[in-house]
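Asker: Handing you a structure now.
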Amino acid sequence: MCGIIAYAGHRPAVPLVLEGLRRLEYRGYDSSGVCFEQGGDLCVIRASGKLQELEDKLSGMQIFLATTGMGHTRWATHGAPTESNAHPHRSFRGGLCLVHNGIIENYQECKNELLRKGVSFQSETDTEVLVNCVEDECGPGLSNLEAFARALSKAQGAYAVAMMARDEPGTIYAARQSAPLLLGIGTGENFVASDIPAFLSYTRDVVFLEDGEIVRMTASSWEVFSLEDLRPVSKNIQRIEWDMQAAQKGGYKHFMLKEIFEQPRALADCMAGRLDSRRMEANVPELMDAEPPERLRIVACGTSYHAGLWAMPLLEEWAGIPCTVEIASEFRYRKPLLSRDEAVLVISQSGETADTIAALRIARAGGARVLALCNVLGSSIAREADLVLYTQAGPEISVASTKALSTQMMALTLMALHWGRVRGSVNEDTRHKAVSALLALPDQLQSLLPGLQSEARSLAQRYAHAKGMFFLGRGQSYPLALEGALKVKELAYIHAEGYASGEMKHGPIALIEPDFPSFFLAPHDALFAKTKSNLEEVCARSGPVIVLTNPQRQGMELRDGTQWILPEAWGPLAGFFLLPALQLFSYEAASSLGKDVDQPRNLAKSVTVE
Ligand code: M6R
């Protein structure tokens, strides 16, 4: 996830673009860059690190003459967050510059073709490939618009792009496919950006672009075309009434809510290039050259630890790899016996969690191969691991982990399927069912989320004043029960315990009384009957229950409680629906209690101390 802004108008473009990038910094912040017209050429200035680094670089430069320019703040996906990988990227012959948000899935094929034609590359990015694809299409009799459209129609994946051409001063080209991009319409000036705050100080008139649309814009004109045949598309201008703060959250009240609703996109990004829908198999490029381990030890903290617990049965059943899962702060102070045929997989959204880094170093020192599953590119864990897999969730701003967990679950599912295929331990039927269910997930979740939120709100209003609550589940629902309890504790400050349902009778059931609710995770799986018995034990002791279950189980006898019916997902994938329900319940509980949802007390996003 990156931020794009482009401007054509009458004001100095570079300061305006920098101001826009400031407002987009939440979308990515590991490097940035600008492109502007100067002396008949395109001038590109880039810097790694925070936007301030770029501003420092530009401070002594003559930047006030250009009135057309564009900028980018990066959340790295291909290549480390270095200056050479920062956007804008210039084409080989120098005539075009391009900024990009998204992932071009077929970039390697395109790059190979360009290499054969003698193009050389300065960066590791898919963006530099794309700008060269456009240049490759340029030729006599073809306009820049046509070349741009031809190149984009060959690109697979998700993108929002803006482009400037040396031979067409004052003009910006832009396009989108499954990534946000909009136009800001001013008087004698126009804007393209990933998000409204980037230009909200200058105009409130916005044109929302759709997938497959291309824009050509100057200071005094803007036109939208269909990518397919360059037919003009007529668009409506909409007036935005939001204030700046609301706009930065994309209209959501909190970053947490925004990030919960971003999960369909994040899951699709995590799968991109790793699931082969023709062969119906997982093909994770990062794992291609690595032998599957004989044994796997997963080490992580907090929500990331729950991801490991959730994936353990899949890694064992599908990949046939014996697997254990440990809390990093415990692992680091034991003297674990590690063997050479064993790999340690550390999971961390931030890649900077102190205990997880320490665990990684202990594992390495003990001779184990270390794999990492991270979200933040170039983070300490990503740099120190032998092999890293990125979850591609995009920046997670809210302290509470949401899309980070669902993408960790997705990446681990893909790993289990990939290794299962390589080892021949997953049968074809399971593989087919898993892949088709995974491919359908983003759309299903997209349509499910609004309804989940209203249900979560009414349940939260009923139960948010409880003095404590249980979250209970079996099998793969058990780690999600732990996660549900963690979320309610950290956000709503309600004491909540996550338990394996079968453990209730060994002590915790003593707490059950009429004002102590239990949240049962009871999807329609092989363990449903067992969970139901535990549910009845709670009901028999006058404990109110909330039962998250599937339509087949509708109409269950409950003395006091509510059934929350979710559509059924295929087998082990039920968690991808249960999880957002739990996230929304904790979100709504915290909101109804007036808590600071995005920055809960005593917590930090990245726990860099032990
Ligand atoms: O960045 P990490 O995944 O290593 O962070 C680990 C935990 O601190 C984190 O998952 C924490 O539990 C969440 N913020 C909870 O929502």
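Asker: Is the range 249-362 rounded, prolate or oblate when judged by the Cα gyration tensor, a ≥ b ≥ c being the square roots of its eigenvalues, rounded requiring a/c under 1.5 and prolate requiring a/b larger than b/c?
Answerer: oblate
Asker: Using alpha carbons only, what's the Rg to Rh ratio of the chain with Rh from Kirkwood?
Answerer: Ratio of gyration radius to Kirkwood radius for the chain: 0.99.
Asker: Residues of the range 294-314 with amide nitrogen under 20 Å from the 7 Å Cα-to-Cβ point of residue 337?
Answerer: 294-299
Asker: Another question about this same structure. What distance in nm separates the two pseudo spin-label positions at residue 228 and residue 316, each 7 Å out from Cα along the beta-carbon direction?
Answerer: Placing both labels 7 Å beyond Cα along the Cβ direction yields 5.0 nm.
Asker: Assigning unit charges at the beta carbon (Lys, Arg +1; Asp, Glu -1) and nothing else, what dipole magnitude in debye, to the nearest 20, does the range 10-168 show about its Cα centre?
Answerer: Charge dipole, the range 10-168, about its Cα centre: 140 debye, nearest 20.
Asker: Among the Cys residues of the chain, which have no other cysteine Cβ under 4.7 angstrom away?
Answerer: 2, 43, 110, 133, 138, 270, 301, 323, 374, 539 - these cysteines have no disulfide-compatible partner (Cβ-Cβ under 4.7 Å) in the chain.
Asker: Given only helices, namely DSSP H runs of n ≥ 4 each adding -39500 (n - 2.57), what is the per-residue ellipticity at 222 nm of the chain, to the nearest 500 deg cm²/dmol?
Answerer: Result for the chain, helices only: -11000 deg cm²/dmol.
Asker: Using a cut-off of 14 Å between beta-carbons, work out the net charge of the residues near residue 130 (Lys and Arg +1, Asp and Glu -1, residue 130 not included).
Answerer: -4
Asker: Let me ask another. Using the per-residue mean of other Cβ atoms lying within 10 Å as a proxy for protection, in what order, highest first, do the peptides 462-470, 155-163 fall?
Answerer: The packing order, highest mean first, is 155-163, 462-470.
Asker: Take the Cβ-Cβ distance between residue 113 and residue 80 as r, set R0 to 25 Å, and report the resulting FRET efficiency rounded to the nearest 0.05.
Answerer: E between residue 113 and residue 80, to the nearest 0.05, is 0.50.
Asker: Here's another thing I want to ask about it. Please report the antiparallel percentage of the DSSP beta bridges confined to the chain, to the nearest 5.
Answerer: In the chain, DSSP labels about 60 percent of beta bridges as antiparallel.
Asker: How much of the DSSP bridge set in the range 272-399 is antiparallel, in percent, rounded to the nearest 5?
Answerer: 10
Asker: Dividing the Cα radius of gyration by the Kirkwood radius, what Rg/Rh value follows for the range 1-73?
Answerer: The Rg/Rh ratio comes out at 0.94.
Asker: Considering only Cα-Cα distances, which of the following residue pairs are longer than 25 Å: 258/433; 111/235; 249/595; 433/487?
Answerer: Beyond 25 Å between Cα atoms: 258/433; 111/235; 433/487.
Asker: Separate question: Convert each backbone phi in the range 52-64 into a coupling constant with the Karplus relation 6.51 cos²θ - 1.76 cosθ + 1.60 (shift: θ = phi - 60°), then list the ³J(HN,Hα) values in order as whole Hz, x for Gly and Pro.
Answerer: 3, 4, 5, 4, 4, 5, 7, 4, x, 9, 7, 10, 8
Asker: Taking all protein chains in place and a 1.4 Å probe, what share, in percent, of the accessible surface of the chain do carbon and sulfur account for?
Answerer: 48
Asker: Would you mind calculating the gained length between residue 236 and residue 444 on full extension (0.36 nm times residue separation, minus the Cα-Cα distance), in nm to one decimal?
Answerer: 72.0 nm
Asker: Using a ≥ b ≥ c from the Cα gyration tensor of the range 431-545 (square roots of the eigenvalues), is it rounded, prolate or oblate, where a/c under 1.5 gives rounded and otherwise the larger of a/b and b/c decides, a/b for prolate?
Answerer: oblate
Asker: Rounded, prolate or oblate, given the Cα gyration tensor of the range 291-346, with a/c below 1.5 counting as rounded?
Answerer: Verdict is oblate for the range 291-346.
Asker: Return the aspartates and glutamates within reach of residue 530: Cα separation strictly under 16 angstrom, same-chain partners fewer than 8 residues apart disregarded; answer none if there are no such residues.
Answerer: Here the aspartates and glutamates satisfying the reach criterion relative to residue 530 are 503, 557.
Asker: Over the range 383-540, give the accessible area per residue in Å² for a 1.4 Å probe, as an integer.
Answerer: Each residue of the range 383-540 exposes 36 Å² on average to a 1.4 Å probe.
Asker: With θ set to phi - 60° and the Karplus curve 6.51 cos²θ - 1.76 cosθ + 1.60, what are the ³J(HN,Hα) couplings of the range 203-209 in order, to the nearest whole Hz, using x for Gly and Pro?
Answerer: 8, 10, 8, 10, 10, 8, 8
Asker: Let me ask something else about it. Express the accessible area of the range 27-92 per residue in Å², computed with a 1.4 Å probe while the remaining protein chains stay in the model.
Answerer: Roughly 37 Å² per residue, with all protein chains present.
Asker: Between the range 35-55 and the range 309-364, what is the C-alpha centre distance in whole Å?
Answerer: 42
Asker: Write down the accessible area per residue of the range 229-346 in Å², having rolled a 1.4 Å probe over the full set of protein chains. Mind showing how you got there, number by number?
Answerer: Values: 5720 Å² over 118 residues.
Ligands and nucleic acids excluded, the result is 48 Å² per residue.
The values are calculated or read from the model by the stated rules, or taken from the named source; none is laboratory data. Treat the numbers as computed from the prediction; the structure is a model and nothing was measured. For neighbour counting, all protein chains shown are included, and Cβ atoms are generated from backbone atoms with ideal geometry for every residue, glycine included. Side chains included, ligands, DNA and RNA excluded: accessible areas come from the protein's heavy atoms. Shrake-Rupley method; radii C 1.70, N 1.55, O 1.52, S 1.80 Å.
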